[in-house]
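Worksheet for the structure shown next.
The values are calculated or read from the model by the stated rules, or taken from the named source; none is laboratory data. These numbers were taken from a predicted model, which means no experiment stands behind them. Neighbour counts run over all protein chains shown; Cβ positions are idealised from the backbone, glycine included. All accessible areas refer to the heavy atoms of the entire protein, side chains included, with ligands and DNA or RNA removed. Shrake-Rupley method; radii C 1.70, N 1.55, O 1.52, S 1.80 Å.
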Protein chains: 4
Amino acid sequence: MIKTGIVGATGYTGSELLRLLYHHPETDIKVITSESKTGQQFSDIHPVFTQIVDQELKSADEMADMDLDAVFLALPHGVSMEYVEKFKDLDLKIVDLSGDFRLSSPEVYESWYNKDHTYQEGFKKAVYGLPELHRDEIRKTNLVANPGCYPTASILGLAPMIKEGLIDEKSIIIDAKSGTTGAGVKAKPATHFSNVNDNFKSYGLKRHRHTVEIEEQLSGLQDEGIRVQFTPHLLPLDRGILATIYATPGKKIGEKELKQAYADFYQEHPFVRLRDTAPSLKDVRGTNLCDVFVTYDERTDRIIVISAIDNLVKGSAGAAIQNLNLMFGLDECMGLKTVGMYP
Amino acid sequence: MIKTGIVGATGYTGSELLRLLYHHPETDIKVITSESKTGQQFSDIHPVFTQIVDQELKSADEMADMDLDAVFLALPHGVSMEYVEKFKDLDLKIVDLSGDFRLSSPEVYESWYNKDHTYQEGFKKAVYGLPELHRDEIRKTNLVANPGCYPTASILGLAPMIKEGLIDEKSIIIDAKSGTTGAGVKAKPATHFSNVNDNFKSYGLKRHRHTVEIEEQLSGLQDEGIRVQFTPHLLPLDRGILATIYATPGKKIGEKELKQAYADFYQEHPFVRLRDTAPSLKDVRGTNLCDVFVTYDERTDRIIVISAIDNLVKGSAGAAIQNLNLMFGLDECMGLKTVGMYP
Amino acid sequence: MIKTGIVGATGYTGSELLRLLYHHPETDIKVITSESKTGQQFSDIHPVFTQIVDQELKSADEMADMDLDAVFLALPHGVSMEYVEKFKDLDLKIVDLSGDFRLSSPEVYESWYNKDHTYQEGFKKAVYGLPELHRDEIRKTNLVANPGCYPTASILGLAPMIKEGLIDEKSIIIDAKSGTTGAGVKAKPATHFSNVNDNFKSYGLKRHRHTVEIEEQLSGLQDEGIRVQFTPHLLPLDRGILATIYATPGKKIGEKELKQAYADFYQEHPFVRLRDTAPSLKDVRGTNLCDVFVTYDERTDRIIVISAIDNLVKGSAGAAIQNLNLMFGLDECMGLKTVGMYP
Amino acid sequence: MIKTGIVGATGYTGSELLRLLYHHPETDIKVITSESKTGQQFSDIHPVFTQIVDQELKSADEMADMDLDAVFLALPHGVSMEYVEKFKDLDLKIVDLSGDFRLSSPEVYESWYNKDHTYQEGFKKAVYGLPELHRDEIRKTNLVANPGCYPTASILGLAPMIKEGLIDEKSIIIDAKSGTTGAGVKAKPATHFSNVNDNFKSYGLKRHRHTVEIEEQLSGLQDEGIRVQFTPHLLPLDRGILATIYATPGKKIGEKELKQAYADFYQEHPFVRLRDTAPSLKDVRGTNLCDVFVTYDERTDRIIVISAIDNLVKGSAGAAIQNLNLMFGLDECMGLKTVGMYP
């Protein structure tokens, strides 16, 4: 059994980790922490766990002596880096769910997050935790930077054709739509019920942080730098990201060749599900799947990809567990094989 | 033209007053105030009014010299009473949308609102602004206490049979369901999108403040004191209150006699719409109507009433305008004749 | 392994059975049937199962020779009875999810369902499949009549105090609110998106079929006949039933005694979760739990119970699996221990 | 008073026409028709009109003798053309809300609608009813082809920069998202509540009929043929279309010049509201406004436009009334000046 701790358990990623790990046969949740709610029961904060996980919330300070094997950091960016530093001398595998170590350097981080990075050493060890791109490195590292939700949907939708050099790298447009849980558990005007319900809008036009995360990962798949147009929107629903992706072929291509590139790329990746028709968000809700549909429009000479995930699972807690499985040499799918709840 | 001011324009009742008064031919909105957003444009706070009502928000302190004829107080309880006092020597008709002057005495107020009342004089002048019960007094007063949203739906659903003494006054149960706008514009956990969406629950069991407001008004319709069981619930939608009301007949009664009592009671009240079938919330959304359906269940010897309003219109801003119309001798329906938006 | 068949797999109860059984270690789904979609893949009808359950849909006629141990009938009432009759000579345990064998006699059935019953023999064998009331009989029978969704929430909310004779049996009011999946997978005006979204209404006033099912089961708990007022409403959400139940005490009672009665009654029933605060629907969504909160209002001398289930799990497919577990001597909870997905 | 008839009043466009015309001072609704519901009351079909518009539904056959001045055809495509032909010799102005006369020729119609056109003469008279492009022709015609909802949002978002030749005409991508009312009043699986609620997906990829309507209108604004990538999606809400539009500049351009082009183009068009920030759907819900926000992304050298309408108002019934106003020489805004209902 992997002795595991979860740091920061009051948010959605924290509770989602617990929901999923409840079925994981090889982890033992030794400690759940919250600095603001220390001493309360986990189920006081998340009543859905009443009589299931009533464990008391601890302070992270108590973790050092617990001889843990693994820790999930379910913390906001800027806070996570402190804990990565604090734990650096422990023999501990860390999955950091924040954005603190996802980018290529402290400089890039600071320019997109408008914030100093206080543990620059971390960048040397951190591996970007998208198993479909970096499975081997993940297996060997002690620090995984778990990908952002939008980047997961976007990169998985684009990777095969970028790897194969099929598209004009200046042509990529990612029109993404997300449920509200991506904005977190904290009540704020943007996620006030009446501002979201029966409503829809874009936000973060031209400057959302996930843009650079997508560009860096895609650029790593071929020689040239990739620049993408990324536009997020807020859907009146809880969970899910659907990215509608447009790109112009860089050379002559047909529907069949295109689909083959995707089939090849993902043939050994159990959580990418290639679809024959455009997926809906509920097809993946609650699961660790990324549904991908790709098609070519002859009339306009353009490729369209639809990619769908549950932002709290494949876009966060599920991917974190997938990474944990890899780091400990377990079956990549352990604890993650569920059917979506529909409806 | 009635020179009108709106005090407290950042909430939902404030913006709803503006939406409705935009079509009112006899009012001129001279001033809109907000102490926290003074100097900003009204449409900065409520973008739906962009290029329609861009008026600058003032401080209420500027109102004294404006020679206004009428003022709406769209303020929280506890704050409203200060303004009623402040305006007491001006020749001004006031519609107070808060709960500060709805109850029979400062003592009752203090015991249900857990708060001192600082302007007890106001109770002498205030008239409870439900025209279907107090139209004549409203015509003559300078201070209307606009009813609460739950009380409006509940009282209008019950008044005819209580007036006629048809029911056992200990048997009344009001199972009420409201959209989230009743909880206000301010973001808080209870109205965080993901806590409301696809969810439903009761709240304020046994001790909601509107209970006493309902009981006092109903008790005024017959000699004996009325005690009701009132249970509010939160619906995953923006607007509307639907109250399902149960009562046991106090004497032998038939469906026909029951419906006749309602027809008689409301025959000169244009905003109560008696229905032949149970109404839905969207039937009244955006309108000043209260839809009422009443039926008798022989099998159980029980009366069931379904009552539906839009909490922001008949339950708040619309009723306030209806009251203003009465106070100024205008047609009661002026500015309020709209068809609900369905869907 | 229990060789299992599912008859009627195109509806919500059919797909929910598959979703849950996917994690059940002792069942092997040998066959899934649909007469209207024979030959298609299960995942063509329910895309959420793509590449997970692609099994071909068969005709139920092929089942006779399959040597099955158990069959779930996920069929409409009126159709189910034909299959119960058809399978009557096979050595097979049947869980019937329809209403065909839930009532006490063909006569009662015919008067509430307005339909002839063509297999009256079935009533002799059928056991009402609410384990919290009839666990021992379920263990011994070959035919379980799985309870209706509203009755499950209502009966579990009321059973302890009726068993203990605590209430006036004429006083029971069940104000129930359900998501739309209770109305089935078939598109119809009542469940057209724009008729439900941002809307709320009652339906089936005074005459819903589940009334008699509730009354019969409750009457079985004490000597006298119970008559309930049952009012269903339609919520703008997918899953869940929340029943707000009112009753007048038949004798002097206190909060503590009341809660103790519930604790005693349910102490060995793992799926009833007694709550200290009123539950929300999302607390139980996706799970086999029935959350029950009970309280006494001194001011009005009335008992209020809030009961919440997921209509597709504890109100249907989950209860069916719970019954299967009992019929085969397995752990009652097998395959059913999940945490609700929140949000 | 303009004596007006509405043909086909059982759908959403029919009831929306009535909702809006209720406030129109110069129209008198002489007749409302439905072939399938002849003899019923309009409010039986649309209960929101109870006691407001209880008018009996007639057969369209009765219209010939009514000496009407104007008729709205709120009919499906394929049916509308029959009525346009039937009314061709009457002295009547027709606004056809279907797609039957929107395209440039019967041939184009037949290739995109897969259906013979039975009244090809109509194309000679029909004017495409987008006042922002064709106001003068609308004033003079007797037959307006009211635009599609997606085309309205798309064309208004693109027209100024196409007119000014600012963009590469091969680069246009329209990623559009619509509420469910665009799919009509009829219950079908695609709009079954549980398939839409908490869900999101694309549909009609590469081949939606509105594509050609958009292309033809845009091509009319400059010499070269325009080809667009148009991808519609289905939002879990009732009303509204939000189009996120991408285009590459055809020459060097700055933010300021771009915004100026829009300001110039729309300066005399009262229903296009240029916004400084990205609009949300609720900003225009219930109104005849089209909110447009345009910006230039230097980093990617791309123009982004967000365009938002209420599909049942500016995308249908509201535009139809705007056209009627123009055809009869009335103020273009008559009956259409409302503030959106927010929330």
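What the table shows:
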| read-out | value |
| --- | --- |
| Across B:LYS88/B:LYS115; C:LYS206/D:LYS58; B:LYS30/B:LYS314; C:LYS170/C:LYS259; B:LYS140/B:LYS314, pairs whose alpha-carbon gap is larger than 27 Å | C:LYS206/D:LYS58 |
| GNM result for chain B, Cα springs below 10 Å: residue of B:LYS252, B:LYS140, B:LYS30 fluctuating most strongly | B:LYS252 |
| Averaged over D:178-185, number of beta-carbon atoms from partner chains that fall within 10 Å | 3 |
| Integer Hz, Karplus 6.51/-1.76/1.60 couplings in order for the stretch C:196-204, x for Gly and Pro | 10, 4, 6, 9, 6, 6, 8, 7, x |
| Nearest-first distances (nm) between copies at D:PRO76, label 7 Å from Cα via Cβ | 2.2, 5.3, 5.3 |
| In the stretch C:261-343, trypsin sites (Lys or Arg not before Pro) in a DSSP loop with at most 12 other beta-carbon atoms within 10 Å | C:ARG299 |
| Whole-angstrom gap from the stretch A:268-343 to the stretch A:182-224, using each part's C-alpha centre | 18 |
| Principal axis dimensions, largest first and in whole angstrom, of the stretch B:1-136 by Cα | 46, 32, 28 |
| Shielding score for A:14-24, defined as the mean number of other chain Cβ atoms within 10 Å | 2 |
| Accessible surface of chain D, 1.4 Å probe, proportion on carbon and sulfur as whole % | 45 |
| Mean Cβ count within 10 Å, highest first, over the residues of peptides B:7-13, B:143-149 | B:143-149, B:7-13 |
| Residue among B:SER194, B:SER15, B:SER34 with the largest mean-square fluctuation in a Gaussian network model of chain B, springs linking Cα atoms under 10 Å | B:SER194 |
| Over the stretch B:171-273, relative contact order from alpha-carbon pairs under 8 Å, at least 6 apart, % | 45 |
| Gaussian network model of chain B, springs between alpha carbon atoms under 10 Å - residue of B:ASP116, B:ASP175, B:ASP283 with greatest fluctuation | B:ASP116 |
| Complex-versus-alone comparison for the stretch B:300-343, residues with a loss of 10 Å² or more in accessible area, probe 1.4 Å | B:THR300, B:ARG302, B:ILE304, B:ILE306, B:LYS337, B:THR338, B:VAL339, B:GLY340, B:MET341, B:TYR342, B:PRO343 |
| Solvent-accessible ranking of B:ASP28, C:ASP276, largest area first, probe 1.4 Å | C:ASP276, B:ASP28 |
| About the Cα centre, charge dipole magnitude for the stretch C:149-311 (Lys/Arg +1, Asp/Glu -1 at Cβ), debye | 640 |
| Within chain D, helix-based [θ] at 222 nm, where runs of 4 or more DSSP H residues each add -39,500 (n - 2.57), nearest 500 | -7500 deg cm²/dmol |
| Teacher prompt: B:SER43 distances to equivalent labels in other copies, 7 Å Cα→Cβ, nm | 3.7, 5.2, 5.3 |
| Residue closest to axis [chain D; rotation mapping onto A; Cβ; Å] | D:ASP175, 2 |
| Dipole magnitude of the protein assembly as shown, debye to nearest 20 (Cβ charges: Lys/Arg +1, Asp/Glu -1, about Cα centre) | 0 |
| Percentage relative contact order, chain B, counting C-alpha pairs under 8 Å, at least six apart | 18 |
| Given charges at beta-carbon only (K, R positive; D, E negative), |dipole| of chain B in Debye | 920 |
| Value of D in µm² per second that Stokes-Einstein yields for the protein assembly as shown, Kirkwood Rh from Cα pairs, at 37 °C (0.692 mPa s) | 99 |
| Buried solvent-accessible surface, both chains (D, A), 1.4 Å probe, Å² to nearest 100 | 4100 |
| Exercise: per-residue mean of other protein chain Cβ atoms within 10 Å, C:278-286 | 6 |
| Unit charges at the beta carbon, dipole of chain B: most positive-side option, B:GLY8, B:HIS46, B:ILE321 | B:HIS46 |
| Heavy-atom surface of the protein assembly as shown, accessible at 1.4 Å and reported per residue (Å²) | 34 |
